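Quick notes on the structure that follows.
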Amino acid sequence: MELSVIVTTYNRRGPLLRLLATIAAQDLEPERFEVVVVVDGSTDGSTEALGESNFPMSLRVISQANQGIAAARNAGVAVARGTYLLFVDDDMEFRKGALRAHLNAHERSPGSAVLGRLDILVERGGLPNGEKRFWRRVDATLSKPGGRVPLSMFYGGNLSIGAKMFRDLGALDSRLQRSDDVEFGYRLQQVGVPIVYARDARGVQHYSKATAECLRDTTVKGRDRVAIWRESPECSAALRVGADSGRGPVLCLIARVIAAVPQWEWSARALGAVPEWIPGSQWLYAALHMHAYLRGVRSATADYATWRAFLGRTAGRLR
């Protein structure tokens with residue numbers, strides 16, 4: 001078995017079945033790959049729908065209590081039989097040839113980790129559209145010949161890696177809810193594993209989150225970045241979790257006061273819906289994200305000394 005496609009899912013039965021249909025339509029021979037779906041505590045009938053499916057490929061289903069994406073991926077790896085692992089999110093779909101492109105990239109660059117291209121289809125206007133702009137920057141940056149993959153642009157969906165290499169490096173950190181992928185990318189860089197970009201291994205992500213969900217993710221990211229900083233200041237520095245010089249004491253104090261202000265969902269929804277064509281809208285979106293991020297940092301730093309130590313060195317950059 002050459003490739004194990006590991007899909008983690010939580011309450012997205014429809015998108016999951018759409019993804020599996022695009023995997024079944026790949027031009028890679030079915031005997032060369034398997035699909036392992038980890039149902040991470042779904043209550044929407046995903047497990048039952050998979051049991052009734054009839055996809056023309058090896059499909060195994062693992063059901064577990066909800067533990068988060070990192071733990072779900074680790075569970076998939078534990079039973080995977082492929083020489084290579086390909087991690088996939090349940091809101092993605094693949095363009096034809098993507099699986100073959102991953103294997104071809106490993107053949108061209110043995111011992112590498114491979115990032116496939118990821119296009120974003122944003123279903124809402126306003127603040128969520130920032131995801132589309134970010135991923136366009138990622139594609140433009142990673143497409144440059146000979147370019148190094150910045151850790152802030154490393155991602156876990158549409159990532160393939162040798163199974164032995166993954167197991168030798170150790171499991172994904174399940175304590176991190178939104179940053180387990182970049183922490184793993186840091187470990188790859190530390191042991192000198194090349195990270196290559198396979199633009200023809202194309203996936204498409206359907207991004208349906210509203211403003212409030214986007215900002216909740218950013219708050220969780222703030223908590224994660226503090227956890228990374230505590231465990232590995234070197235990883236935090238490699239992520240460039242902020243400006244080079246950090247924040248001085250006055251700015252640290254102002255930021256802590258700002259972080260204490262509640263982020264009411266109704267106001268975030270209204271501000272996040274401001275159309276992109278209005279002057280200043282990008283600044284507004286950035287301010288909303290920064291506020292959400294600082295709230296996450298504050299919740300993870302119990303006292304002002306820790307807050308200042310974190311922000312004074314890292315300044316809290318989001319990407």
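The values are calculated or read from the model by the stated rules, or taken from the named source; none is laboratory data. Note that the structure is predicted; figures quoted are calculated from it, not measured. Neighbour counts run over all protein chains shown; Cβ positions are idealised from the backbone, glycine included. Ligands, DNA and RNA are stripped out before the accessible areas are found, and what is left, the full protein with its side chains, is counted by its heavy atoms. Shrake-Rupley method; radii C 1.70, N 1.55, O 1.52, S 1.80 Å.
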Original post:
Roughly what would the spin-label model give for Glu123 and Gln282, points 7 Å off Cα along C-beta, in nm?
Top reply: 2.7
Original post:
At a 1.4 Å probe, what is the % contribution of carbon and sulfur to the accessible area of region 141-233?
Top reply: 48
Original post:
Taking the structure as given and computing Kirkwood radius over Cα pairs in Å, which label from (i) 20.5; (ii) 22.4; (iii) 21.5 fits?
Top reply: (i)
Subject >> Distance in nm between pseudo-label sites at Phe134 and Met1 (7 Å out along the Cβ direction from Cα) >> reply: 3.3
Original post:
Once the Cβ-Cβ distance between Asp44 and Ala65 is put in as r, and R0 is 25 Å, what FRET efficiency do you end up with, to the nearest 0.05?
Top reply: 0.95
Original post:
Farthest toward the dipole's positive end in the chain, which of His206, Gly222, Leu311, given Cβ charges of +1 (Lys, Arg) and -1 (Asp, Glu) about the Cα centre?
Top reply: Leu311
**OP:** Have a look at the DSSP beta bridges in the chain and tell me what percent are antiparallel, nearest 5.
**Re:** 25
**OP:** Arrange the peptides 106-116, 293-303, 85-95, 30-40 so that the one whose residues have, on average, the most other Cβ atoms within 10 Å appears first.
**Re:** 85-95, 30-40, 293-303, 106-116
**OP:** Run the accessible area of region 43-138 with a 1.4 Å probe and give the carbon-and-sulfur part as a rounded percent.
**Re:** 46
Original post:
In nm, to one decimal, how far is the Ala237 label point from the Val196 one, both placed 7 Å along Cα→Cβ?
Top reply: 3.1
Subject >> Summed residue charge, Cβ within 12 Å of Asn129's Cβ, Lys/Arg positive, Asp/Glu negative >> reply: +2
Subject >> Partner lysines for Lys221 [C-alpha distance under 23 Å; skip if fewer than 8 residues away on the same chain] >> reply: Lys132, Lys209
Subject >> FRET efficiency, 1/(1 + (r/R0)^6) with R0 35 Å, evaluated for Leu251 and Leu17 via beta carbons >> reply: 0.10
Original post:
For the chain, what is the accessible area per residue in Å², given a 1.4 Å probe and the full set of protein chains?
Top reply: 45
Original post:
Under the classification rounded if a/c is under 1.5, otherwise prolate if a/b is larger than b/c and oblate if not, where does region 39-122 fall, given a ≥ b ≥ c as square roots of the Cα gyration tensor eigenvalues?
Top reply: prolate
Subject >> Cβ charges +1 (Lys, Arg) and -1 (Asp, Glu), total dipole of the chain, debye >> reply: 1100
